[in-house]
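Here it is: the structure, laid out below.
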Amino acid sequence: MAHKFVIKKNKAGEFVAYFTYNSETIFWTEGYASKASAKNAIESILKNGPGAEIDDQTD
């Protein structure tokens, strides 16, 4: 699969969810104290992201 979420620990010891595409990080979440919170962030993105509007502010 070309895209996936990856949970890693940052230098501060927090859990961060990264979204990668072809092994390149596209975006990441804030750091969380627990792995469960990072998983909840992923679930929220999957639930709420597909219908998100695009706000183009380049004009």
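So with the 1.4 Å probe, I'd like the accessible area per residue for the chain, rounded to whole Å².
Values: 4900 Å² over 59 residues.
Dividing the accessible area of the chain by its residue count gives 83 Å².
Provide the per-residue ³J(HN,Hα) series for the range 23-35, in order, calculated from phi with Karplus coefficients 6.51, -1.76, 1.60 and θ = phi - 60°, each as a whole number of Hz, with x at glycine and proline positions.
6, 10, 6, 9, 7, 8, 8, 5, x, 10, 6, 10, 5
Still on this structure: Given a 1.4 Å probe and every protein chain left where it sits, what share in percent of the accessible area of the chain is carbon and sulfur?
So the carbon and sulfur contribution to the accessible surface is 50 percent.
Once phi is turned into θ = phi - 60°, what whole-Hz ³J(HN,Hα) does the Karplus curve with 6.51, -1.76 and 1.60 give for every residue of the range 48-59, x standing for Gly and Pro?
Each residue's phi maps through the Karplus curve to give 9, x, x, x, 5, 6, 9, 10, 8, 9, 7, 7 Hz.
Normalised by the residues of the chain, what does the relative contact order come to in percent, with Cα pairs under 8 Å and at least six apart? Numbers along the way, then the final one.
Working: 73 pairs, mean separation 14.5, N = 59.
Relative contact order for the chain comes out at 25 percent.
In vacuum, with every alpha carbon of the chain counted as one equal point scatterer, what does the Debye formula give for log10 I(q)/I(0) at q = 0.22 Å⁻¹? Two decimals, please.
Log10 I(q)/I(0), no solvent term: -0.90.
The values are calculated or read from the model by the stated rules, or taken from the named source; none is laboratory data. Every value quoted in this text rests on a predicted model; they were computed, and no experiment measured them. Protein only, heavy atoms only, side chains kept; ligands, DNA and RNA dropped before computing areas. Shrake-Rupley method; radii C 1.70, N 1.55, O 1.52, S 1.80 Å.
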